[in-house]
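What follows is a single structure, written as structure tokens, with notes after it.
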Amino acid sequence: MEPFEKRYDGLTVEESMQRFWEENHIYDFAADDTKPLYSIDTPPPTISGSLHIGHIFSYTQAEMIARYRRMQGYHVFYPFGFDDNGLPSERLVEKETGLMARDVPREEFRQKCVEITQKYEAEFKALWQRMGFSCDWNLQYSTVSENTQRLSQTSFIELAQAGHAYLQESPVLWCTECQTSIAQAELDSKDVDSYFHHIHFHIGDQPLEIATTRPEMLYGVVCVFVNPDDARYRHLVGQMVTVPLYGFEVPLLTDDKVAIDKGTGAVMCATFGDSTDVEWVAGHGLPYKKVLLADGAIAPGVPFVAGMKVRAARKEIVRLLEERGLLLKSEKLTHTVSVHERCGTEVEIIPSRQWYIDVLSRKDELLAAGDKIQWHPPQMKTRYVNWVTNLKWDWCISRQRYFGIPIPVWYCKACGKPAYAALEQLPVNPLETDYDGICACGCHDFLPDKAVLDTWATSSITPLLNRDKAKEYGVDEGFMPMSMRTQAHEIIRTWAFYTIAKSLYHTNEIPWFDTMICGFVLAKPGEKISKSKSNSKLSPGELIQSYSADAIRYWAANARLGTDTYFDIQDMQDTSKRFMTKLWNSSKFVLSHLHDFDPAHRPERLLPIDRWIMERTNAAVLEAAKWLDEYEVGLARKVVDDLFWKDLCDNYIEIAKERLYQPDLHGEEPRRAAQHAIYYCLLTVLKMYAIYIPHEVEYIYQKGLRGFVGALSIHLTEWPKPPAPNAELLAFGETLIAALTEVRRYKAERNLSMRADIDRAVIAGDAKYRDWLLETEKDFVACTHAGEVIYDLK
RNA sequence: GGACGCGUAGCUCAGUUGGUUAGAGCGCUCGCUUCACACGCGAGAGGUCCACGGUUCGAGUCCGUGCGUGUCCACCA
């Protein structure tokens, strides 16, 4: 055996272990495997900036499950992907280059996007490799690759032809900064200080006071609503209200949604001030009056404020109202507005022609699918259910952007009817390829769709992408549903929801049997670390360089599944380093006593205490497996820690030590018995830690255990499957350790060294363990330095 | 406003079918150069398990109410 270094040097070891794994294809997804399949749908991180500790936290927890399943004997399909198109990536490119997408030629911008996302992908990949991830990089996918484009466009055309995706001119959530439509899931909310302006409308010569936060929409008012039960206005319902400044008239109608006690109880309905306006316009058949343009400017033809941006227009209208005595009062208020999560701009609602996927009419099926999936932890299902139940909009999948998957559609110049690309010609970019068919109306001229697909419209097909990849390895039948989806809880409403929706449409099945929903890393109370906010002081790369990948991995397994955690660098450093050193030293000790060990030769007789530590180890294996089956890597780690540090190191090794050092005093066969026990326990403990700290464990295995076990890598060995432990042996061990603790307390109270001699020690306990205790007496005396052992057994 | 968490030692947290004396790590105190490890070992101090009410022979654990805290969703008139 090679000598063990005095100190474990994680940084050097980790790189050489990673090289070893790569050279020996330890984690490859082999084509000819006959083991049961375990497939993992892992999140392709969005290429929108640098990764942070939160990613490391959740991805690492899932990686541990991949390792666990692999050791359990599954054929683990564990790919990795990158989500490298769409608005998030565009914003990254705009930030890095200082260019705005709309100011440069489309192709030039696209090229920049490709360059920059590739650069980041290389960085991301290097980081995951440096973390020791056991995915097979041959399975890697990207959401902007040609394959993905083909699959994503196919998905779109299939849904469109089946009527599940449809084109509609309707009010849409719109970001005037990014100048694109966005989906409900892309909304964030922000508290803003504003004013509740009370404006003087009138009905004939009767004044009518209406409060609004959006006076600039005055020109877009199409009616005024009051609650049908509001006695103040009941007699006025049906009459015409005159809009101030502009002088036109709109009807006074009733609607239940109007809150009697809010403002004055009368609401102006404008196209479109908010999503309630949209419902009202649709529900009451009201007309549309254009006020706002796509770039956030007031439309030409709107008196007083045409061409102004929203805020300037608001100020101007308020000024005019005030000047003419039509502004009754302005109350300060803080209210919450919807903003675009990518840029923070207040979202507007503008009619436009967009593609949607029908989800509203499928709520029941979506909820049923949620019931069929096992959510871990279970309460995460509620978030999904709440989201589906409260959906108000169909899923808008078109984006008026540049770097994404083109919508494979042209429109007839004459009748506007959409024409779809043929499946064989995909992927296709309608901006570069002309449609060569003829419209039903006889027209030959077509205009390309300039929009691209929402990035979620593509990332929601990762199970299908994975299935295609698995086919290359001969795995096809039974691939869907996949075994497991892992992700953080923030994207249940997006990635999980959209994936389920697409899966139902394309396979009529749930996408996966299980979900593993990880928590976040919070920087400090209330503030989550995210790429866009870039408030992660230490980058993952620097953290690995300073503390090693294993240290970060060990830390990442500190929490219950789904639970958010705070990142405390000091805590990570102390706990992990201490643990890794302890494992190093104890392994060093065990292996130094195995120089003449032969695993094939089982000692004829194990002492009871040897059997105890082996049973104790088995008990921990079963308990850890129970947690891991529930994806609780943190709770499982705790179980192993407890076994390893307390019972194996502090108790058993201390008790059996002298037997290993001095066979002249204890005999050769008892030494062999102790060897057998420490070999079994160390190997088993290392196998369990293999999913947490794969590098250190592999290094120890290679140095001292591979010769005994045979397997090329500890990661190719099997997760232990012990029988149920013997409860009597466990209880006997507790009896002995209680006596040992008493002796230790006696010495500590007298400031004695643990090696100090004492006259006698007492073992108290159940008489049924008498024989076992007597057999252990020699070890007990060696450990306690007691002159005599008194038995107090009942 | 709704949903879902959380509130246990100074700090971070475990405590999954309700059952002896409520646990771990860090921190603190005292001691131990002990031949794997001082990045260690041993011992100790430290808790009205947020509050109040209820169910029960028995509640940190179950139920209700309140308070505090966090996340997600809604709230733009």
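The values are calculated or read from the model by the stated rules, or taken from the named source; none is laboratory data. Owing to the predicted nature of the structure, the values given are computational and were not obtained by experimental measurement. No Cβ is skipped: glycine too gets one built from the backbone with ideal geometry, and neighbour counts run over all protein chains shown. For accessibility, only protein heavy atoms count, side chains too; no ligands or nucleic acids. Shrake-Rupley method; radii C 1.70, N 1.55, O 1.52, S 1.80 Å.
Residues in region A:159-170 that are of a type outside the set (A, V, I, L, M) and more than 21 Å from A:T494 (Cα to Cα): A:Q161, A:G163, A:Q168, A:E169, A:S170. All of A:Q184, A:Q168, A:Q206 fail the test of being closer than 30 Å to A:S361 by Cβ, at pLDDT below 95 and over 28 Å from the mean Cα position of the chain (by Cα), apart from A:Q168. May I ask you to list the residues in region A:559-573 that are assigned to a loop (DSSP other than H, G, I, E, B) and either near RNA strand B (Cβ under 7 Å from one of its atoms) or over 17 Å from the mean Cα position of the chain (by Cα) (or both)? Correct list: A:A559, A:R560, A:T563, A:D564, A:D568.
If you scan region A:490-502, which residues turn out to be buried (at least 20 other Cβ atoms within 10 Å of the Cβ) and either within 13 Å of RNA strand B (Cβ to nearest atom) or farther than 21 Å from A:E186 by Cβ (or both)? Working first, answer last.
First pass over region A:490-502, keeping only residues buried (at least 20 other Cβ atoms within 10 Å of the Cβ): A:492, A:494-502.
If the condition is that a residue be buried (at least 20 other Cβ atoms within 10 Å of the Cβ) and either within 13 Å of RNA strand B (Cβ to nearest atom) or farther than 21 Å from A:E186 by Cβ (or both), then A:I492, A:T494, A:W495, A:A496, A:F497 are the ones that fit.
Regarding A:S576, is this residue more than 9 Å from RNA strand B (Cβ to nearest atom) and either part of a helix (DSSP H, G or I) or touching a residue at least 12 places away in the same chain (Cβ under 8 Å) (or both)? The answer is yes for A:S576. Take the conditions (1) among the basic types (K, R); (2) within 30 Å of A:V278 (Cβ to Cβ); (3) under 24 Å from the mean Cα position of the chain (by Cα); A:K392 misses just one of them, which is (3). Under the condition of being over 45 Å from the mean Cα position of the chain (by Cα) and within 12 Å of RNA strand B (Cβ to nearest atom), the residues counted in region A:187-203 number 3.
So in region A:614-662, with the set limited to residues that are β-branched (V, I, T) and open to solvent by 10 Å² or more (accessible area, probe 1.4 Å), which one is nearest to A:F57 (Cα to Cα)? Among those that are β-branched (V, I, T) and open to solvent by 10 Å² or more (accessible area, probe 1.4 Å), it is A:V639. In region A:332-347 there is no residue that is away from RNA strand B (no atom under 13 Å from the Cβ), surrounded by 14 or more Cβ atoms within 10 Å (Cβ to Cβ) and among the aliphatic types (A, V, I, L, M).
Looking only at region A:285-321, count every residue that is farther than 19 Å from A:T242 by Cα and either modelled with pLDDT of 90 or more or within 16 Å of RNA strand B (Cβ to nearest atom) (or both) and tell me the total. Can you show your working first?
So in region A:285-321, the residues farther than 19 Å from A:T242 by Cα come out as A:285, A:292-301, A:305-316, A:319.
Keeping just the survivors that are either modelled with pLDDT of 90 or more or within 16 Å of RNA strand B (Cβ to nearest atom) (or both) gives A:292-301, A:305-316, A:319.
Selection size over region A:285-321: 23.
A:K626 - would you say it is basic (K, R) and over 36 Å from the mean Cα position of the chain (by Cα)? No: the conditions fail for A:K626. Taking first residues from region A:265-290 that are closer than 17 Å to A:V337 by Cβ and partners that are away from RNA strand B (no atom under 14 Å from the Cβ) and of a type in the set (D, E, K, R), the Cβ contacts under 8 Å between residues at least 6 apart in sequence or on separate chains come to A:A270/A:K289.
If only residues of region A:1-52 that are within 16 Å of RNA strand B (Cβ to nearest atom), surrounded by 16 or more Cβ atoms within 10 Å (Cβ to Cβ) and of a type in the set (V, I, T) are counted, the one that is nearest to the chain's Cα centre (by Cα) is A:T46. If only residues of region A:579-600 that are surrounded by fewer than 19 Cβ atoms within 10 Å (Cβ to Cβ) and either acidic (D, E) or closer than 30 Å to A:S539 by Cβ (or both) are counted, the one that is nearest to RNA strand B (Cβ to nearest atom) is A:T581.
For region A:591-622, a residue qualifies if it is within 18 Å of A:L705 (Cβ to Cβ), in a helix (DSSP H, G or I) and hydrophobic (A, V, I, L, M, F, W, C), and the qualifying residues are A:L591, A:I613, A:M614, A:V621. Among all residue pairs at least 6 apart or on different chains, which show Cβ distances below 8 Å where the first residue, located in region A:370-388, is farther than 22 Å from A:D358 by Cα and the second is β-branched (V, I, T) and within 13 Å of RNA strand B (Cβ to nearest atom)? Partner pairs satisfying both residue conditions: A:W375/A:I517; A:H376/A:I517; A:P377/A:I517; A:M380/A:I492; A:M380/A:I517.
Residues of region A:375-384 being farther than 20 Å from A:A559 by Cα and either crowded, with 17+ Cβ neighbours inside 10 Å or more than 10 Å from RNA strand B (Cβ to nearest atom) (or both), which ones? A:R383, A:Y384, listed by residue number.
Restricting the search to region A:235-279, which residues are in a loop (DSSP other than H, G, I, E, B), open to solvent by less than 50 Å² (accessible area, probe 1.4 Å) and more than 17 Å from A:H200 (Cα to Cα)? Once the filter is applied, which keeps residues that are in a loop (DSSP other than H, G, I, E, B), open to solvent by less than 50 Å² (accessible area, probe 1.4 Å) and more than 17 Å from A:H200 (Cα to Cα), region A:235-279 yields A:D255, A:V258, A:A259, A:T271, A:F272, A:G273. Among the residues of region A:620-663, which ones are touching a Pro at 6+ places or on another chain (Cβ under 7 Å) and within 11 Å of RNA strand B (Cβ to nearest atom)? Within region A:620-663, no residue meets the criteria.
Region A:151-230 holds strands (runs of 3 or more DSSP E) entirely within its bounds, and those carrying 1 or more residues that are free of Cβ contacts under 8 Å to residues at least 24 places away in the same chain map to A:206-212.
Count of region A:721-764 residues, restricted to those that are exposed (fewer than 14 other Cβ atoms within 10 Å of the Cβ), among the polar types (S, T, N, Q) and not in a helix (DSSP H, G or I), is 2. A Cβ distance below 6 Å, combined with a sequence gap of six or more or placement on separate chains, defines the contacts here; from region A:457-475, residues that are open to solvent by 40 Å² or more (accessible area, probe 1.4 Å) reach no residue that is among the charged types (D, E, K, R).
Of the candidates A:K638, A:K588, A:K646, the single residue that is within 30 Å of A:D9 (Cβ to Cβ), in contact (Cβ under 8 Å) with a residue 12 or more places away in the chain and either out of contact with any Lys or Arg (no Cβ under 6 Å at 6 or more places or on another chain) or assigned to a helix (DSSP H, G or I) (or both) is A:K588. Does any residue in region A:10-29 that is free of Cβ contacts under 8 Å to residues at least 60 places away in the same chain and over 26 Å from A:K577 (Cβ atoms) come within less than 8 Å, Cβ to Cβ, of a residue that is small (G, A, S) and not in a helix (DSSP H, G or I) six or more places away or on a different chain, and which pairs are these? Taking only residues 6 or more apart or on different chains, not a single pair turns up.
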